[in-house]
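Working notes, beginning with the structure itself.
The values are calculated or read from the model by the stated rules, or taken from the named source; none is laboratory data. The structure presented is a predicted model; accordingly, all values stated were derived computationally and were not measured. Here Cβ is always computed from backbone atoms with ideal geometry, including for glycine, and neighbour counts include all displayed protein chains. The area values use the complete protein model at the heavy-atom level, side chains included, leaving out ligands, DNA and RNA. Shrake-Rupley method; radii C 1.70, N 1.55, O 1.52, S 1.80 Å.
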Amino acid sequence: MRSATSGLTDSIWKFLSSLKLTIFLLICLASVSIIGTLIPQGAPPPVEYLQTLSRAKFIVYDRLGFFDMYHSWWFISLLGILCLNLIACSLRRLPHDWKSITSPPRVLDETLEKSLPLTARWKAGTDAAGTERKITALLEQEFARPEVSRIGHEVHLFARKGAIGRIGVYVLHSSIIIILVGAIIGSLAGYKAFVEIPEGGSATTVVAGPEGMKRKAVDLGFTVRCDSFSVSYYDTGAPREYKSILSIVDGGRTVVDKRPVLVNRPLSYKGVTFYQQSYGQAAPPTFHLGVRERKTGKSYTFAVSQGGRVTLPNGDTLHPVESVPEIRPYISQVSGPAVRVVIIPKAGEPLSLLLLQRYPDFDAQRGGDLVFTIDSIDQKWKTGLQVVKDPGVWIVWLGCSLMVAGIFVAFFLSHRRIWVRIADGRVTMAGNAGKNMASFKDFFDGMADKMRKA
């Protein structure tokens, strides 16, 4: 029974620590990531795409998490298996590399000499002590301070440099594992949500999950308040800048007071980040209109909201039907806010008028009995905020920092070793390097020439 158990354990260990498994997992992750480029992620699919799917196929895609692939159970499972694989690979190689760092062979015997790629030999004369002294000084000056071992009449020198380069691969493995762990923590414990807050309003919960699909309310643990919202436009009518002024109230105390939040300038509090994403009208705008009787010169003012109605001095009815904050995209010669109103007379056909706030004389050119102007517009906005909580983000940053350090150690530091044996009037020199053997060979040959001359 023990033999069978041991054999099964060894098989599992070899499977988890195999390079083939690593390559297979990386190919799988790269292949399934194509799903994320073909199917919209984190939002309901567009109607055009849904029209290409049958109902059964949509249900299968939804249950497999193809519309939110990077948070699906199977994608996280692949990341988890990759973490186990990297850990197993590291543990399998670590004892050998650790031994080469802490307990390297310091004596150049025949077996070690045959296993090394670089060797050189020459006669040294009878002054063994002088030879040892000169070679030790040369190694210390050109390479590293050697360790001296004496076995009978033989003197063995061992010098090494860049031993830390052997741990670079483990730093890299650790950084990848830390990044994957941070990503998994962010997927499981974090969320991406959305909330709309009207000016003067507040929210304590947000809605997480793609719109139109499974969603849940998430309690923030504090209150976020929208004190005000503003939007400015280019002359083309496109939004130039929209800005929310937010405050955070926690435990009845204002901890963040009137902080501007713009696109690419978010607000973060207790690991929750608020990004400016969208905006809209919280309520129909209210127009303060002026009316002047052309014949008498009498003027009147009144307020009416979009979609509402108001009775004019002559008994007609005015009905604002639509408005735009910038008219230039529709009429290139003018700019500014515009309102389209319909005048419904007591008798006769309705009359549609366009009023321009920046051009008070515009309606006067029409020649009607009443002249209309826009004095001001009251608009209450609502801000749309993307709310993100990712408790694993700092773990990911730690992994990225370790990855930079690991890349430097693994690719720029080479574990180089030189052995020298002085015996029977002959010097034998051998060397090896963990990487960039061509460069080390040039250095090794140069050192051998200097030792011969010395």
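Of the set (1) open to solvent by less than 20 Å² (accessible area, probe 1.4 Å); (2) on the phi < 0 side of the Ramachandran plot; (3) out of contact with any helix residue (DSSP H, G or I) (no Cβ under 6 Å at 6 or more places or on another chain), all apply to V342 but (1). In segment 94-144, which residues are part of a loop (DSSP other than H, G, I, E, B) and either more than 25 Å from A438 (Cα to Cα) or open to solvent by less than 30 Å² (accessible area, probe 1.4 Å) (or both)? Result: S103, P104, L108, L116, A124, G125, T126, D127, F143, A144.
From the list G446, G399, G406, the lone residue that is without any contact (Cβ under 8 Å) to a residue 40 or more places away in the chain and in a helix (DSSP H, G or I) is G446. Mind listing just one residue for me: the one in segment 347-394 that is crowded, with 17+ Cβ neighbours inside 10 Å and acidic (D, E) and, of those, nearest to S247 (Cα to Cα)? Per the stated criteria, the residue is D390.
Can you tell me which residues in segment 274-289 are assigned to a strand (DSSP E or B) and open to solvent by 10 Å² or more (accessible area, probe 1.4 Å)? Before the answer, list the steps.
Kept after step one, since they are assigned to a strand (DSSP E or B), are these residues of segment 274-289: 274-281, 286-289.
If the condition is that a residue be assigned to a strand (DSSP E or B) and open to solvent by 10 Å² or more (accessible area, probe 1.4 Å), then Y275, Q276, Q277, S278, Y279, G280, Q281, T286, H288 are the ones that fit.
When K441, K435 are checked against the criterion of being basic (K, R), out of contact with any strand residue (DSSP E or B) (no Cβ under 7 Å at 6 or more places or on another chain) and over 30 Å from V181 (Cα atoms), a single residue qualifies: K435. When restricted to residues that are crowded, with 16+ Cβ neighbours inside 10 Å and either farther than 24 Å from Y191 by Cα or among the charged types (D, E, K, R) (or both), segment 238-258 contains 2.
If V155 passes every condition in (1) closer than 22 Å to I178 by Cβ; (2) open to solvent by less than 20 Å² (accessible area, probe 1.4 Å) but one, which one does it miss? Result: V155 fails condition (1) only. For segment 145-163, the count of residues that are touching a helix residue (DSSP H, G or I) at 6+ places or on another chain (Cβ under 8 Å), among the aromatic types (F, W, Y) and either outside any helix (DSSP H, G or I) or under 30 Å from G434 (Cβ atoms) (or both) is zero.
The numbered conditions (1) open to solvent by less than 60 Å² (accessible area, probe 1.4 Å); (2) not polar (S, T, N, Q); (3) not in a strand (DSSP E or B) are all true for K435 except (1). Can you work out which of the residues in segment 255-289 that are of a type outside the set (S, T, N, Q) and free of Cβ contacts under 8 Å to residues at least 12 places away in the same chain is farthest from G221 (Cα to Cα)? Among them, the one singled out is R265.
The rows are residues; the columns are (1) closer than 16 Å to D378 by Cα; (2) hydrophobic (A, V, I, L, M, F, W, C).
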position	(1), (2)
Q281	yes, no
A303	yes, yes
T311	no, no
T317	no, no
G348	no, no
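Among the aromatic types (F, W, Y), open to solvent by 50 Å² or more (accessible area, probe 1.4 Å) and farther than 30 Å from R294 by Cβ: is that true of F412 in this structure? When the stated conditions are applied, F412 passes them. The set of residues in segment 109-129 being closer than 20 Å to R416 by Cα and basic (K, R) consists of K114, R121.
The set of residues from segment 217-259 being farther than 27 Å from E326 by Cβ and hydrophobic (A, V, I, L, M, F, W, C) comprises A217, V218, L220, F222, V224, I248, V249, V255, V256.
Filtered by the rule that a residue be more than 20 Å from the chain's Cα centre (by Cα) and either open to solvent by less than 70 Å² (accessible area, probe 1.4 Å) or on the phi > 0 side of the Ramachandran plot (or both), segment 65-80 gives G65, F66, W74, S77. The number of residues in segment 219-270 being out of contact with any strand residue (DSSP E or B) (no Cβ under 8 Å at 6 or more places or on another chain) and charged (D, E, K, R) comes to 2.
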